[in-house]
Amino acid sequence: MKTIRLISLVARVALMVTLGLGLLFWIAQLFMWIGLLVFLAQIGFPGIHEGFGTLGILGLLILGTVAVFTKGSRLLGAGSMIYAFLVLAFGLTQTLILVGALHWLIQAAHLLVGIGAMVLVQRIEKRYQHLKLKEHRMTSERPSARHPL
């Protein structure tokens, strides 16, 4: 259970850093902060943003795989694995979609899809913990077999 918690924590932190970097870039574009945009370009912002995003999605994919093999959360696991691939595909191709004045719609969708990934990571972790605690209670409540002397 500690491993699942650690994977969830790493994935959520990576996705939050990705969210923060994305919002920073979005705000810099919105207010036309040229200095900040130049700085972000110099440090290789897109690669950093994509790296953290990929790390978070990899965590979602791992948690989804664990959930698929855990009785009681198989559907959640399968859905999250599909969602992970969709997030990755959308994130890597979003700059090519609806280029122009309406690209902000794609950026907003990209933001919402990323938040959805964070929610799924949290939900899988909580579901896994719930199922394991329930399983632990059931095994500890079983009457012990007494052997006659």
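The values are calculated or read from the model by the stated rules, or taken from the named source; none is laboratory data. Model, not experiment: these values are computed from the prediction. A quick note on method: Cβ atoms are made from the backbone with ideal geometry, for glycine too, and the neighbour counts reach across all protein chains shown.
Regarding T18, is this residue assigned to a helix (DSSP H, G or I), at pLDDT 90 or above and either of a type in the set (A, V, I, L, M) or more than 18 Å from A117 (Cβ to Cβ) (or both)?
Working: assigned to a helix (DSSP H, G or I): yes; at pLDDT 90 or above: yes; either of a type in the set (A, V, I, L, M) or more than 18 Å from A117 (Cβ to Cβ) (or both): no.
It is false that T18 is assigned to a helix (DSSP H, G or I), at pLDDT 90 or above and either of a type in the set (A, V, I, L, M) or more than 18 Å from A117 (Cβ to Cβ) (or both).
What do you reckon, is L76 in a helix (DSSP H, G or I), modelled with pLDDT under 90 and surrounded by 16 or more Cβ atoms within 10 Å (Cβ to Cβ)? Please lay out each step first, then the result.
Working: in a helix (DSSP H, G or I): yes; modelled with pLDDT under 90: no; surrounded by 16 or more Cβ atoms within 10 Å (Cβ to Cβ): yes.
No: the conditions fail for L76.
Take the residues in the range 43-73 that are within 23 Å of the chain's Cα centre (by Cα) and surrounded by fewer than 12 Cβ atoms within 10 Å (Cβ to Cβ), then tell me which one is farthest from M16 (Cα to Cα).
Residues of the range 43-73 within 23 Å of the chain's Cα centre (by Cα): 44-73.
Then keep just the ones that are surrounded by fewer than 12 Cβ atoms within 10 Å (Cβ to Cβ); that gives 44, 47, 69, 71.
Values: G44: 18, G47: 16, F69: 27, K71: 29 Å.
Looking at the filtered set, the residue picked out is K71.
Taking the condition of being over 22 Å from A101 (Cβ atoms) and in contact with a helix residue (DSSP H, G or I) (Cβ under 8 Å, 6 or more places away or on another chain), how many residues in the range 27-39 meet it?
If we filter the range 27-39 for residues that are over 22 Å from A101 (Cβ atoms), which is where we start, we get 35-36, 38-39.
Among the residues that remain, those that are also in contact with a helix residue (DSSP H, G or I) (Cβ under 8 Å, 6 or more places away or on another chain) are: 36.
Total satisfying the criteria: 1.
Listed residues S144, S140; which is modelled with pLDDT under 95 and assigned to a helix (DSSP H, G or I)? Show your work before the answer.
On the way: S144 fails: assigned to a helix (DSSP H, G or I).
Matching residue, one of S144, S140: S140.
Of the numbered conditions (1) more than 30 Å from L131 (Cα to Cα); (2) surrounded by fewer than 14 Cβ atoms within 10 Å (Cβ to Cβ); (3) not acidic (D, E), L40 satisfies every one except a single condition; which is it?
It fails just one condition, (2).
Here is a list: L133, L58, L105, L112. Which entry is in a helix (DSSP H, G or I), over 25 Å from V13 (Cβ atoms), out of contact with any Leu (no Cβ under 6 Å at 6 or more places or on another chain) and modelled with pLDDT of 90 or more?
Only one candidate passes the filter, namely L105.
From the list L6, L15, exactly one residue is out of contact with any Asp or Glu (no Cβ under 8 Å at 6 or more places or on another chain) and in contact (Cβ under 8 Å) with a residue 12 or more places away in the chain. Which is it? Steps first, answer last, please.
Numbers: L6 fails: in contact (Cβ under 8 Å) with a residue 12 or more places away in the chain.
The match here is L15.
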